[in-house]
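Notes follow once the structure below has been shown.
The values are calculated or read from the model by the stated rules, or taken from the named source; none is laboratory data. Computed from a predicted model, the values in this text were never measured in an experiment. Cβ sites come from the backbone with ideal geometry, for glycine too, and all protein chains shown count toward neighbours. To get the accessible areas, we keep the full protein, side chains included, count just its heavy atoms, and leave off ligands, DNA and RNA. Shrake-Rupley method; radii C 1.70, N 1.55, O 1.52, S 1.80 Å.
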Amino acid sequence: MDNFQPLYALVGVAVLYVVYRRFTRISLADIRGPEPENYLIGNMRQLQQGIAGVPDFEWTNAYGGIVHLKAPFGEDKLLVSDPKALQYILSTSGYNFTKSPDRRELTRILIGEGLIFVEGDDHKRHRKVMLPAFGGPESKALFPIFRSTVQQLMELWKDSISNDGGQSSVLNVPFWLGRATLDAIGEAAFDYKFGALDGSDSELGPAYNNLFSDAFALPSTLKIFIQSATKYIPIPVIRAAYNKLPVESLKRIRGTSDLANKVAKDLVETKGEALLHGKASRDVMTLLVKANASTNAKAQLSEIEMLSQMRTLMLAGHETSGNSLTWTLWELAKNPQMQSRLRDEIRSVERNVRQRGDTDFTLADIEGMSYLQAVLKESLRFNPVVLHMFREPLKDDVLPLFKPIMTYSGKLVHEVPIPAGTRLILSISAYNRDPDIWGPDSHTFNPDRWLTGHGKENNGPSIGVVGNLLTFSSGIRSCIGWRFAMVEMQTFLADLVNNFEFALTEESKKITRQAALVMVPMVGGKLDEGAQLPLAVSIAPRD
């Protein structure tokens, strides 16, 4: 009997520890939130099915900047949109809040082990190598590439209008903008012509077309349950499932990832050869290869990491810009007066360019168009491409609040203690429409807010890298390519609105916002046809 005493003691200590954790663990029970549907699905179906962003708006309006949600099996989650809490999570204590291991596996299969995947010291190393390629001068130097790409797009649109009788043509805007921004990222980032616009060279254009809507849009309740319950599945099992399961959405992702990896590998080899022979260019990839070669061995990127950075640039770089421009043109089509006002501004600057003896815009000319900047920022605010970010604290922590929330027990609290491992859903859409930040008309598309002070950085804590928006994330994990994206979108928007008029069609009056990792436009009643936003495009008349 005495031989078992150490075992009894060990079991006793374990039981005491479990009891201790049970009664000392931070509780979220007093934080208010919507009633879960049931124990197996919680609030996850409400969040992920239906119109993107609507649950976020309704819940934050009812409960404030911290909302208590339930996941499968009663797991506690928090939906966070309070600006001070977001600032703390993303900036002040950024490295304490990581992506969960199961969500990182999804990142791995999509874009590999690059900047978006890594955490902690690896993230610092990746960012240090990549930052020199994404500074202000480097991004502005790519302006001629963006002009050339949008001009090629305009010629194709003019041909389509001419072929349709010369009045107007109904164009599926995301189809065209996705290809144009892929070509732009190819030249700007890799000095490589993908040929996506004219279909001359690239397999990636068709592979990327509708990728997010095919793989992630309109999830079934079973799919939502499985995605939400992956935290209980060992990572090797998740990885094996992503790599092997014969599920159509996974096969679609794997096929696209394999192709992107092949293209990335060919490009890395080409860049390495060019550098060896002293044929360096100014594209992002050359700068990245140079930065990687010039640092010490411990700060370099491995081959897998380098390929992953390229896959990240190819997928995220073109999808976000093309998607954002699509939503911007839709808003202008819905608001003809705003569209005319923007075109008037562009043409006024165009006349000044001619008067000074130049034949074309410079980037400084475009950046000086105040209403264009206001329209673009308002579209980024109103229609953020990414709806949510996901984090969890490595240790117990306390979230400070910009605006206090009321608890179930009737307390008005200015901070929320959270236990380690709590899954946090950071709502970009809810923050970007917070009335305390953006004013009482926050749910109205109003570019003038950026010209009158209601859309500037002085409302609430400083967040984000552009105009206090969360659209490009914030803090240590803010989008490294935000300057690149802004130069590209400004350039495209100026030329497209200067040369074309955009109007709604019967189908584009039925557009719904659908969540598919990114927010994609779909036509009501035709959701099975994937992402689309048809607009009537005509040549803009001149006096």
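Evaluating residue 61 against the criteria (1) under 27 Å from residue 474 (Cβ atoms); (2) at pLDDT 95 or above; (3) open to solvent by less than 80 Å² (accessible area, probe 1.4 Å) leaves one unmet condition, (3). On inspection, residue 291 does not qualify as hydrophobic (A, V, I, L, M, F, W, C), in contact (Cβ under 8 Å) with a residue 12 or more places away in the chain and farther than 22 Å from residue 142 by Cβ. Whenever a residue of segment 121-134 is farther than 11 Å from residue 300 by Cα, its partners that are of a type in the set (Asp, Glu), lying with C-beta atoms within less than 9 angstrom and at least six residues away or across chains, give the pairs 132/138; 133/283.
Taken residue by residue, segment 167-185 has no member that is at positive phi, acidic (Asp, Glu) and surrounded by 18 or more Cβ atoms within 10 Å (Cβ to Cβ). For segment 498-527, a tally of residues being part of a helix (DSSP H, G or I) and free of Cβ contacts under 8 Å to residues at least 12 places away in the same chain returns 1.
Inside segment 42-56, residues that are open to solvent by 10 Å² or more (accessible area, probe 1.4 Å), free of Cβ contacts under 8 Å to residues at least 40 places away in the same chain and not β-branched (Val, Ile, Thr) make up a count of 3. Per this entry, residue 263 is counted among residues that are closer than 17 Å to residue 187 by Cβ and in a helix (DSSP H, G or I).
Within segment 302-356, the set of residues being within 30 Å of residue 206 (Cα to Cα), part of a helix (DSSP H, G or I) and over 25 Å from the mean Cα position of the chain (by Cα) comprises just one member, 303. Of all residues in segment 371-400, those satisfying the criterion of being within 22 Å of residue 320 (Cα to Cα) and aliphatic (A, V, I, L, M) are 372, 374, 375, 376, 380, 385, 386, 387, 389. For beta carbons closer than 8 Å, sequence separation of 6+ or different chains, a first residue in segment 246-262 that is farther than 16 Å from residue 516 by Cα and a second that is of a type in the set (S, T, N, Q), the qualifying pairs are 254/243. Listed by position, the helices (runs of 4 or more DSSP H) inside segment 81-145 whose residues that are among the β-branched types (Val, Ile, Thr) number at least 2 are 101-111. For segment 160-169, the criterion of a residue being under 25 Å from residue 207 (Cα atoms), assigned to a helix (DSSP H, G or I) and out of contact with any Gly (no Cβ under 6 Å at 6 or more places or on another chain) is satisfied by at least one position.
Would it be correct to say that residue 247 is among the β-branched types (Val, Ile, Thr) and at pLDDT below 80? Here the answer is no, as residue 247 does not meet what is asked.
Within segment 266-293, the set of residues being part of a loop (DSSP other than H, G, I, E, B) and not hydroxyl-bearing (Ser, Thr, Tyr) comprises 277, 278, 279, 280, 282, 283. Among the residues of segment 191-203, is there at least one that is at negative phi and not in a loop (DSSP other than H, G, I, E, B)? Taking every residue of segment 191-203 in turn, none turns out to be at negative phi and not in a loop (DSSP other than H, G, I, E, B).
Of the residues screened, residue 451 is not one that is open to solvent by less than 10 Å² (accessible area, probe 1.4 Å), over 25 Å from residue 96 (Cβ atoms), part of a helix (DSSP H, G or I) and in contact (Cβ under 8 Å) with a residue 60 or more places away in the chain.
Selection of segment 60-80 for residues being part of a helix (DSSP H, G or I) and free of Cβ contacts under 8 Å to residues at least 60 places away in the same chain yields 61, 62, 74.
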